[in-house]
Amino acid sequence: MDKKPVALVTGGSRGIGAAICWSLAKAGYHVWINYVSNEQSARSVEKEIIDAGGSCELARFDVANREETRSYITARFDAGEVVTALVNNASITRDNLFFFMTDEDWDSVMRTNLDGFYNVTSPTLNAMNRMKIKGRIVTISSYSGVVGNRGQVNYAASKAAVIAASKSLAREVARAGITVNVVAPGFVTTDMTNDVPAELVRNLVPMRRMGTPEEIANVVRFLCSDESSYLTGQVIGVDGGLPS
Ligand code: NAP
């Protein structure tokens, strides 16, 4: 039997990342489920995928920690493993009006959301390139990164930065057949949006509801498939019709 292609999903233990792990496992990938602290949740994603006949394993490392991330990823590549699809999904928020934002609010968001993109993508892309893999890199940004949002100067800046980084990288690696795209969700029901009032969503979103993690994962799965082979450098909003 042929070995399954491997997908690495950062922040796969909960919310959108967990749905992406599911979706890619169903599409035939062996999934590395990355997480940083919530082992119980990561284990339950792993168990559900395996119980359903899928293939996956846990991959714990802190994407904000360059050394830890690089040594985890390069050790596996040095052992002959290969990642075909990378989904940069791990992210945090530290929302506050800019006037009240602390250095820690700014730094922790940048370290996880922007440095995390670099820390994971750099060694993964090097390996794809070295092994001549026509890989897929998908990064989860946000509607906030496209239009900005009050109280999210740090988060919106980090999410806009990964869009610019992805568009630039797409142009660098297109000739190697590696595609680099971004998905920008609107409001999606996860731990991250526990505090968002339903009334606000009804008023702002033309579809008058939050999205589900699966609705984001479906688009990511397409971007990780062979069917998206001529699509690169794009930002796909999955947001119920929010105005851009
Ligand atoms: P979530 O429920 O808060 O889950 C965050 C995930 O990221 C968890 O798996 C968490 O791992 C992981 N993570 C956080 N910091 C990490 C680190 N330093 N290293 C490794 N993993 C780390 O988030 P979500 O709502 O599913 O969001 C997923 C993505 O969609 C994010 O990029 C987010 O910005 C984006 N997004 C979400 C929404 C929304 O409405 N939910 C809207 C727009 C964009 P642990 O479980 O170990 O903590």
For residue 4, give me every one of the lysines with a C-alpha distance below 23 angstrom, ignoring sequence neighbours fewer than eight places off in its own chain. 26, 47, 132, 134
Using θ = phi - 60° and the Karplus relation 6.51 cos²θ - 1.76 cosθ + 1.60, list the HN-Hα couplings for segment 179-190 in order, rounded to whole Hz, with x at every Gly or Pro. 9, 9, 9, 10, 10, 10, x, x, 7, 10, 6, 8
The chain: relative contact order as a whole-number percent, Cα under 8 Å and 6+ apart: 19
Pick from 65, 126, 88: which residue has the top mean-square fluctuation in a GNM of the chain where Cα pairs under 10 Å get a spring? 126
Considering amide H positions built from the backbone, and no H for Pro or chain starts, which residues 5 or more places from residue 239, or on another chain, come under 5 Å of its amide H? 186
So who's got an amide H within less than 5 Å of the one on residue 180, skipping anything under 5 residues away but keeping other chains? H placed 1.01 Å off N, in plane. 137, 233
Among 180, 205, 138, residue whose mean-square fluctuation peaks in a GNM of the chain (springs only between Cα atoms under 10 Å): 205
√(5λ) per eigenvalue of the Cα gyration tensor, segment 102-170, largest first, Å: 26, 14, 7
Could you check which residue among 214, 46, 227 shows the biggest mean-square fluctuation in a GNM of the chain with a 10 Å Cα cutoff? 227
At 222 nm, what helix-only mean residue ellipticity would the chain give, in deg cm²/dmol to the nearest 500, using -39500 (n - 2.57) for each DSSP H run of four or more? -13000 deg cm²/dmol
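Since every read-out is calculated from the coordinates, none of them should be taken as a lab result. Only a predicted model underlies this, so the values are computations on that prediction, with no experimental measurement involved.
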